[in-house]
Structures are given as structure tokens and as C-alpha cells.
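What follows draws every value from the coordinates through simple rules; no lab data is involved. Owing to the predicted nature of the structure, the values given are computational and were not obtained by experimental measurement. Positions of Cβ are backbone-derived with ideal geometry, glycine not excepted, and every protein chain shown enters the neighbour counts.
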Amino acid sequence: MLAKSVSVKPTLDARTKLITCVVMTLFMFTFHYYSQYFLTIALTALVLALFFTKHERQLVFSHWRLLLFVPTINLLANLLFVNGKVLYSWYFLSLTDMDIKIFIRITLLLVYAFCLIVKTTPQGLALAVGKICHSVTLHRYNGAAIPLTMIIMVSFINRFKDTIIEVQASYKLRANNQGKQTWFKRLLDYTKLLQPIILISMKNANQVANALLAKGYHKGARTFNYAKINYQRRDYLAYLVLLSFMLLNWWLFQ
């Protein structure tokens, strides 16, 4: 009995995704006009609409609190300083043109980071970093230390995140049974739980490390054949689109 063939949807190389996110982030630091940010946001929205499924878009924006919290905290801190042309001032607080631009940059940076996480597995991302090091060192680096370190770090982060979610669900159930609690009491309870959560996550990361060592993956091991990891036509096309966008942006707003 023949097994049914499973069609695998072609995807970009993890290096392409990582380099694109880094280049787009750095490129934003050359912007001088809001129109450049609007063009970047439009391109990002187009990519999300065309190349991300509905479920993947939901995963990206499920972190909307973090997407707003981090840039907002930075914006509030910047209100204490004058970083450029003042748009609005109130007593000792000053909202400048640069404050808004930094807010947009950080928000887009977080969006790109979550897109990368959703579209790339930890193993693929770790292997991509190893391959980049292999290429930068002119094929001298063939070790496994960098990919393995990233895999262990990601396993710690994932376990920490999953444990936090489980603890939050259990705490809400316990709080409902005990009645309404003050925010200080909730903060104190979460602080007490932080140490065991970190220990559980570290234990899980240690188990992953031991499993990798048992399979022959160690610092000096040459278990990854970086030479066989090559770009496909779609990766070159993605780089061409990225370069075209940068040239168009420069031509329109020079």
C-alpha cells in the first residue's frame, strides 16, 4: 500500500528571513520622513496579507500588549528629554518628532521579530546563524556550538513561557475561589512563583542539553554540513525585492 504523498509548501531559507529582518530594522535608522515609515508599514502589511496564513497573523498579533507596551514605555521615558523638533510640550515633558519615529521603529522591530519567530523554527534559526558564521569566516567555522547554544536558549524560553501560562491559569482559578485580591497581593504571589518557574525552565534546558550531548552534539562536533545548505531561487528573489524597496525608498525621498 503506497503512502500518500505530502506536498511541502516551499519556504524561504531561515537566513533570508533573519537577514531581511535585520536589514529592514537598520534601514529604518536612515529615514527622515514619515512617508518612509508609511511605505515600510504598507510593505509589511502586504507581506503579512500575502505570505502569512490567518492563523500565523493571529499568532503575530496575539502579542499586541507587548507590541504596545515596550514602545510606549520608551516614548514616556523620551518625554523627559528633548531629542529634536518639539511638537508639543507640557511643563517639563516634551514630545518631539524623533520620539514618534523611535516609537514606530520599535513597534516595527517587534513585529518583524514575531514574524520571524512564527515563520521559522528554533532549529532552523539556529542552523541559519551557524551557516552565516560559516560563510563570514570563509568556511572555517564548522562547529556546532552556536546552533546548540541557541537551541538550548530557545528551549528555556519556551518552557518558561509555557509554565507562566499554566501558572496564570491556575492562579486565576485560585483567585476566583478566594475572592477579589489586591494588585499588590497578586504581584507578591507572582514574585514568589518566579524562582520555581525559572528552576523548572532551567531543568528542561539542561535535559535538552544532555539529550543533545548523548546524540553526539557538542562544542567541537562537526555534525552540521553547512556546505550543503544553499539558497534557492525564491531566496534570491526575496533579496531582489528587498534591494528594490531600499532603492525605491532612496529614490523617492532623497
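The table that follows gives values for the structure above.
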read-out: The range 8-153: mean projected area of Cα convex hull, nm²; value: 11.3 nm²
read-out: Of LYS54/LYS203; LYS131/LYS161; LYS119/LYS161; LYS131/LYS203; LYS119/LYS192, those spanning more than 23 Å from alpha-carbon to alpha-carbon; value: LYS54/LYS203; LYS131/LYS161; LYS131/LYS203; LYS119/LYS192
read-out: 14 Å cut-off, amide nitrogen to a point 7 angstrom out along TYR231 Cα→Cβ, residues in the range 121-162; value: 132, 135-136
read-out: Inter-centroid distance (Cα atoms) of the range 104-147 relative to the range 37-69, Å; value: 20 Å
read-out: Residue-count net charge about PHE160 - beta-carbon cut-off 15 Å; Lys, Arg +1, Asp, Glu -1; value: +1
read-out: Aspartates and glutamates with Cα under 19 Å of LYS17, excluding same-chain neighbours fewer than 8 positions away; value: GLU56, ASP235
read-out: Karplus-derived 3J(HN,Hα), 6.51/-1.76/1.60, for each residue of the range 109-124, Hz, glycine and proline x; value: 4, 5, 4, 5, 5, 5, 4, 5, 5, 5, 8, 10, 6, x, 5, x
